[in-house]
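One structure below.
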Amino acid sequence: MIKTAPPKNVYYEAVGRRKTAIARVRISPSAKSDFVVNKKPFEHFIQDVEYQAIAKESLEKGSPDKNFKVSVLVRGGGPHAQAEAIRHGIARALVKMDLELRPNLKTLGFLTRDPRMRERKKFGLRRAR
């Protein structure tokens, strides 16, 4: 019987959504933390400190003692919706990695998709209503 080593590039992938923002997140356990959004360093893509805190919230509260390599591809929406979509995607990926994190992340509300979207403009009116 030949024993094979586990693959080195094991990652967990999930999709997070908020309004019209969609974030595809990949997480892999790593020796040091690394966070990349749209092939840019995290601090360069999300410059507002408040939005940075929102995006990293599920990592910090889900498993604060572990280091992860996080790669995100985010499209659509504004900066706040993108930050919340990233948080949602990271939370879903963490649950795929470790099911024991689910109750904690669920009570914090990170696994709930916020479906509120802008209503479309109606014909003959200036706005939606």
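The values are calculated or read from the model by the stated rules, or taken from the named source; none is laboratory data. Computed from a predicted structure; not experimentally measured. Positions of Cβ are backbone-derived with ideal geometry, glycine not excepted, and every protein chain shown enters the neighbour counts. When the accessible area is computed, the model is the full protein with side chains, heavy atoms only, and any ligands, DNA or RNA have been set aside. Shrake-Rupley method; radii C 1.70, N 1.55, O 1.52, S 1.80 Å.
May I ask you to say which residue of 103, 64 is within 19 Å of residue 114 (Cα to Cα) and out of contact with any Cys (no Cβ under 6 Å at 6 or more places or on another chain)?
Testing whether each residue is within 19 Å of residue 114 (Cα to Cα) and out of contact with any Cys (no Cβ under 6 Å at 6 or more places or on another chain) leaves just 103.
Rundown of residues vs (1) at pLDDT 90 or above; (2) surrounded by 11 or more Cβ atoms within 10 Å (Cβ to Cβ); (3) not in a loop (DSSP other than H, G, I, E, B), yes/no style:
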| site | (1), (2), (3) |
| --- | --- |
| 1 | no, no, no |
| 4 | no, no, no |
| 16 | yes, yes, yes |
| 23 | yes, yes, yes |
| 27 | yes, yes, yes |
| 36 | yes, yes, yes |
| 44 | yes, no, yes |
| 47 | yes, no, no |
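For the range 69-79, state whether one or more residues are farther than 20 Å from residue 26 by Cβ and either in contact with a helix residue (DSSP H, G or I) (Cβ under 9 Å, 6 or more places away or on another chain) or surrounded by 12 or more Cβ atoms within 10 Å (Cβ to Cβ) (or both).
Step one: filter the range 69-79 for residues farther than 20 Å from residue 26 by Cβ, giving 78-79.
Narrowing further to those that are either in contact with a helix residue (DSSP H, G or I) (Cβ under 9 Å, 6 or more places away or on another chain) or surrounded by 12 or more Cβ atoms within 10 Å (Cβ to Cβ) (or both): 78-79.
Yes, the conditions are met somewhere in the range 69-79.
Any residue in the range 72-100 that is of a type in the set (Lys, Arg) sitting within a Cβ distance under 6 Å of a residue that is in a helix (DSSP H, G or I)? List the pairs, counting only those 6 or more apart or interchain.
Filtered contacts from the range 72-100: 87/54; 87/55; 87/57; 87/58.
Spot the failing condition for residue 64; the list is (1) modelled with pLDDT of 90 or more; (2) under 23 Å from residue 34 (Cα atoms); (3) not hydroxyl-bearing (Ser, Thr, Tyr), and only one is missed.
Single failed check for residue 64: (1).
Inside the range 85-95, can you point out the residues that are open to solvent by 30 Å² or more (accessible area, probe 1.4 Å) and in contact with an Asp or Glu (Cβ under 8 Å, 6 or more places away or on another chain)? Please lay out each step first, then the result.
Keep residues of the range 85-95 that are open to solvent by 30 Å² or more (accessible area, probe 1.4 Å), which gives 87, 92.
Correct list: 87 only.
Yes/no matrix, rows are residues, columns are (1) within 29 Å of residue 120 (Cα to Cα); (2) assigned to a strand (DSSP E or B):
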| residue | (1), (2) |
| --- | --- |
| 31 | no, no |
| 59 | no, no |
| 64 | no, no |
| 73 | yes, yes |
| 83 | yes, no |
